[in-house]
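J.: Submitted below is the structure of interest, expressed as structure tokens.
The values are calculated or read from the model by the stated rules, or taken from the named source; none is laboratory data. All of these numbers come straight from a predicted model, not from anything done at the bench. We place every Cβ from the backbone using ideal geometry, glycine too, and count neighbours over all the protein chains shown. Areas reflect the complete protein model, heavy atoms only, side chains present, ligands, DNA and RNA absent. Shrake-Rupley method; radii C 1.70, N 1.55, O 1.52, S 1.80 Å.
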Amino acid sequence: MMETYTIVIHGGAGTILKKDMTPELEDAYLKGLQDALDGGYAVLENDGSAVNAVKAAVVILEDNMLFNAGRGSVFTKKGLQEMDAAIMEGKNLDAGSIAGVRNVRNPVELAAEVMHYSNHVFLSGKGANDFAIKQGIKLEPDEFFFSQFRYDQWKAIRDSDNYSLDHTHQQLEELMKDKKFGTVGAVALDRYGNVAAATSTGGMTNKKYGRIGDTPIIGGGTYANNKTCAVSCTGHGEVFIRAVAAYDVSCLMEYKNFSLQQACEEVVLNKLVKMEGEGGLIAVDAQGHAALVFNSEGMYRGVRDSKGRNEVAIYK
Ligand code: ASP
């Protein structure tokens with residue numbers, strides 16, 4: 001058994017500026033991050049597994065209205081919430097994903113059920129909802145997911161063909177140039193040397209045609225491998241999918257011997273920037289090093305480890 005364990009979380013990246021924030025809202029975000037960090041850390045401290053730690057942290061963020069995942073998810077073109085999530089364990093490369101589910105209180109729990117009990121990796125739409133019912137996963141009515149500011153955000157663009165990333169309080173023009181993201185995620189290393197990653201999102205405001213982002217795509221927005229690291233991404237999903245962002249971090253470590261930090265910087269600050277992919281990611285390696293790297297103005301984030309590090313932050 002190792003004495004080192006680490007958890008890292010994010011609540012989305014984007015144009016998050018201090019001047020747009022009230023002290024009350026800033027406190028609420030920081031508290032939300034700390035609660036999730038502590039929830040995940042408690043699992044690790046009590047000899048729990050990395051996969052249970054990331055699940056616990058993501059459940060807390062999903063239940064928090066401030067973040068675009070679970071409760072408080074953004075609205076689709078049709079005015080609904082359709083959520084995506086994934087979870088992966090680094091030990092056996094086991095993974096579970098769901099896309100386009102509605103009324104599931106904690107999409108990350110459903111992704112974990114898919115991983116453990118479905119014989120499949122990726123379920124979508126109505127089928128995923130049927131599986132949730134079969135597994136006895138907690139469901140909630142549409143009202144549970146409603147948040148006024150995301151509704152206003154959607155109202156501003158619903159009659160256009162635009163779609164936008166989250167954490168945006170402005171009108172249309174500003175909204176399109178001032179992109180913000182609100183997905184949540186966690187990565188952890190447990191005392192047994194296993195890493196895990198989980199990511200959960202409502203996707204992009206005004207999305208249509210059953211659009212799915214990088215979050216539930218194994219290797220795109222979520223990846224974990226004990227040989228290298230665990231990664232959870234947030235940002236403009238289309239680009240992260242094309243960049244195979246999460247897996248690329250792992251590959252740079254596995255095949256090019258990059259350190260965790262070097263690999264994350266190569267993907268986020270070089271590759272994604274060249275592809276105009278705004279956003280960031282969090283990662284942890286099998287030694288418990290953490291990386292929190294983003295190319296946007298800010299990223300809601302936190303890290304806590306067994307050596308006493310305990311930090312939450314928003315801006316650059
Ligand atoms: N990556 C997510 C998506 O494209 C959005 C986000 O990170 O906020 O669905």
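J.: Rounded to the nearest whole Å², what accessible area per residue is found for the chain with the 1.4 Å probe? Can you show the working numbers first?
T.: Numbers: 12510 Å² over 316 residues.
Here the per-residue accessible area is 40 Å².
J.: Can you pull the percent of region 203-316's accessible area that's carbon plus sulfur, 1.4 Å probe, other chains left in place?
T.: Roughly 50 percent of what the probe reaches on region 203-316 is carbon or sulfur.
J.: Let me ask something else about it. Calculate the length of the line joining the C-alpha centroid of region 1-28 to that of region 260-312, in whole Å.
T.: Each part's Cα centre sits 12 Å from the other's.
J.: Under the 0.36 nm per residue contour assumption, what length would be gained going from the current alpha-carbon distance of Phe144 and Tyr192 to full extension?
T.: Gain in length upon complete extension: 13.5 nm.
J.: With the cut-off at 14 Å, report for region 178-217 the share of all Cα pairs above it, as a whole percent.
T.: So the pairs more than 14 Å apart make up 58 percent of the total in region 178-217.
J.: If you don't mind, another one. Which percent of Cα pairs goes in each bin when the distances of the chain are cut into 20 angstrom slices starting at zero?
T.: Once binned at 20 Å, the Cα pair distances of the chain give 39, 58, 3.
J.: How compact and how long is region 246-285, expressed as Rg and Dmax of its alpha-carbon atoms in Å?
T.: 9.5, 27
J.: On the first, second and third principal axes, largest extent first, how far apart are the outermost C-alpha atoms of region 1-105 in Å?
T.: 46, 34, 21
J.: Further question on the same structure: Of the peptides 141-154, 222-235, 281-294, 57-70, how do they stack up when ordered by the mean number of other Cβ atoms within 10 Å, highest first?
T.: 222-235, 57-70, 281-294, 141-154
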